[in-house]
Ligand SMILES: Cc1cc2nc3c(=O)[nH]c(=O)nc-3n(C[C@H](O)[C@H](O)[C@H](O)COP(=O)(O)OP(=O)(O)OC[C@H]3O[C@@H](n4cnc5c(N)ncnc54)[C@H](O)[C@@H]3O)c2cc1C
Ligand code: FES
C-alpha cells in the first residue's frame, strides 16, 4: 500500500525532518535561494504542498523560522526556500554550504486557492521579498499554463540590486503568455524597466475584473495601496488574496503566537482573501 500525503505530519508535527542542501544561489547581498532534498525516502515521496504554504526551517542548536516554499508543487523530491538574512536562524542558514543538513517541519498553513483560480485571469503583485511565496504560484501557473487565462505579474523592489530572481524574470519578459512588469523605487544605469512604486504600474495594465483572481505579497505598507488600485479596477474583495506574516512558533495552531483577529495565521492563513481580512478587522 502506498503511504498517503504528508503522513509524517499526522505522526508527529513537531518533528523536524533532516534535509540536505543541494544547491545555493546568491540572489542578492542578503538573500539566497536554497534547494533542499528531504533525506527520508518515505517522507520525500509523500511530501506535498500548495503554493503559499510554509515550512518551519530549523538549524540544529540554533532554532526555527517560518519560511515560504518558493518552488512549484510539481517539483517533487526537492523544495526551494528564498531566505533573507535577518537574525540568528536565517544568519546560521546563510553560513551553510551545499551538502550540509538542516531540518524542516511542515508544510503548514493554507496556500493560494489554485483550484478557484484555474480558468481565470490572474494578477500577481509582489514587493521585495514578497516574491518568495508568489514565485511558487508563478512556477505552478507556468507548469499548468493552459489552465489559466491572461497572467499579469507586477513586481517592485527598492533598487536594481534588490530585485530577486532577475535572471528568470529577464527570460519571462520576452514571453508573450505572461505580462511581466518590473519596477524599482530608485534606478541606476543598469535599469531599463520602470521606475516608481508598484502601484504606478496599474496605469499600464488592463484587467477584466469579472474574470480575474489576484494575489499580493510584500511589505505590509504596500497592501492597502495595491488593494485600492485593484478596487478601482472593479475587483471583488473575495478574489483578492493576501499573505500575512506573523510571529510564529509551533506552526500548527497550538502556541497562540500568530493570532490575527479570532484566527491563527499558521493554520487559517497565511493566505487570506481580502474579504476574510476585512472581517478579521485586520489592519491592511
Ligand atoms: C508565514 C511566513 C513566511 C515567511 N517566509 C519567508 C521567506 O520566504 N523568506 C524569508 O527570508 N523570510 C520569511 N519569513 C520571515 C522569517 O520567518 C523571519 O525573517 C525569521 O523568522 C527571522 O528569524 P531569525 O532567527 O533569523 O531572526 P530573529 O533574530 O528572530 O529576528 C530578526 C529580526 O526580524 C524580526 N522578525 C522575525 N520574525 C518576524 C516576522 N514574522 N515578521 C516581522 N519581523 C520579524 C525580528 O523582530 C528581528 O528584528 C516568513 C515569515 C512567516 C510568518
Ligand atoms: S504559530 Fe503557534 S498558533 Fe500559530
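Put the Cα centre of the range 5-28 next to the Cα centre of the range 124-184 and the gap is 25 Å.
Listed from fewest to most Cβ neighbours within 10 Å, the set 125, 62 follows the order 62, 125.
Which value in deg cm²/dmol, rounded to the nearest 500, describes the helix-derived mean residue ellipticity at 222 nm for the chain, given -39,500 (n - 2.57) per DSSP H run of n ≥ 4 and division by the residue count? Helix contribution divided over all residues of the chain: -6000 deg cm²/dmol. Expressed as an acute angle from 0 to 90° and rounded to the nearest 10, what is the orientation of the C-alpha long axis of helix 131-143 relative to the principal long axis of the chain? It is inclined by approximately 80 degrees. Ordering 49-60, 250-261 by mean Cβ neighbour count within 10 Å, with the highest value first, yields 49-60, 250-261. Remark: relative contact order (the chain) = 17 percent; criterion is Cα-Cα distance under 8 angstrom and separation of 6 or more residues.
Normalising the average separation of contacting C-alpha pairs (under 8 angstrom, six or more residues apart) by the number of residues puts the relative contact order of the range 1-149 at 28 percent. Structural descriptor for the range 1-80: relative contact order 27 percent, calculated from alpha carbon pairs under 8 angstrom and at least 6 residues apart.
Listed from fewest to most Cβ neighbours within 10 Å, the set 266, 82, 98 follows the order 98, 82, 266. Build a GNM of the chain with springs between Cα atoms under 10 Å apart, and of 214, 71, 190 the one that fluctuates most is 190.
Note that the range 132-175 shows a convex hull volume over its alpha carbon atoms of 81 Å³ per residue.
Taking 7 Å steps out from each Cα toward its Cβ at residue 221 and residue 233 produces label points 2.3 nm apart.
Hull volume per residue, based on the alpha-carbon atoms of the range 26-154 and their convex hull, is 108 Å³.
Shape analysis of the range 215-272 places it in the prolate category; the axes a ≥ b ≥ c from the Cα gyration tensor give an a/c of at least 1.5, with a/b above b/c. Fully extending the segment from residue 255 to residue 185 would add 21.4 nm, taking 0.36 nm per residue of separation and subtracting the current Cα-Cα distance. Please report the spacing between the Cα centers of the range 235-264 and the range 185-199 in Å, no decimals. First find each Cα centre; the distance between them is then 32 Å. With the convex hull of the Cα atoms taken as the outline of the chain, the averaged projected area works out to 15.1 nm². With a cut-off of 18 Å on the backbone N, the residues of the range 185-218 near the modelled label site 7 Å out from residue 29 along Cα-Cβ are 185-191.
For the range 180-223, the residues whose backbone nitrogen is under 19 Å from a point 7 Å from the Cα of residue 144, taken along Cα to Cβ, are 211-216. Diagonalising the gyration tensor over the Cα atoms of the range 99-251 and scaling each eigenvalue by 5 before taking the square root yields semi-axes of 23, 21, 17 Å, largest first.
Seen through its C-alpha gyration tensor, with square-root eigenvalues sorted a ≥ b ≥ c, the range 47-119 comes out prolate because a/c lies at 1.5 or above while a/b is bigger than b/c.
Values in this text are rule-based calculations from the coordinates and carry no lab data. Values in this document were obtained by computation on a predicted structure and should not be read as measured data. For neighbour counting, all protein chains shown are included, and Cβ atoms are generated from backbone atoms with ideal geometry for every residue, glycine included.
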